[in-house]
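Report on the following structure.
Just so it is clear, none of the values below were taken in a lab; they were calculated from the coordinates. Please read all numbers here as calculations on a predicted model, not as lab measurements.
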Amino acid sequence: MGLLTVVAAVAGAGGAVAAVPLVLTAVGFTATGIAAGSIASSMMASAAIANGGGVAAGSAVAILQSAGAAGISTGATAAIASVGGAVGTAAARIFAAVKN
C-alpha cells in the first residue's frame, strides 16, 4: 500500500467523522431538536404521516435526531471512520489507476 493510499484512507476516515455532525446540523437535526422548515422537519412530517401521527422509535428520523441531540456514539464513530477510510482508499486506487 503506497503513501497516497494511506494518506487518502486517513483523510477519508477523519473527514467522515468530522463531517457527520456538521451534516446532521445542516439538515436540521440539532442539539435543541428538529429545526423548523428544514429537511429534517420534512422527514419528520413524512414519518409521522406514514405512522398515523407519530414518529416510530428506532426509525431513521428518531436515530438521526438522537445523533443530532446527543452526538454520535463510539460504535457509530468507528463505523463512520471505517466507511470514510474505505472510500478514501478506493479513491486513491482509482486515482492511481487513472494516472497510470
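At-a-glance table
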| read-out | value |
| --- | --- |
| Helix 39-50 vs. the chain, principal-axis angle (Cα, 0 to 90°, nearest 10) | 50 |
| Net length gained if the chain between A48 and A35 were fully extended (0.36 nm per residue, minus Cα distance) | 3.1 nm |
| Calculated log₁₀ intensity ratio I(q)/I(0) where the Debye formula runs over C-alpha points of the chain, q = 0.17, 0.19, 0.24 Å⁻¹ | -0.78, -0.87, -1.12 |
| Cα-based helix-to-principal-axis angle, 74-99 vs the chain, degrees rounded to 10 | 40 |
| Degrees separating the helix 60-70 axis from the principal Cα axis of the chain, which is the longest one | 80 |
| Cα shape, region 31-70, gyration tensor, a/c 1.5 rule | oblate |
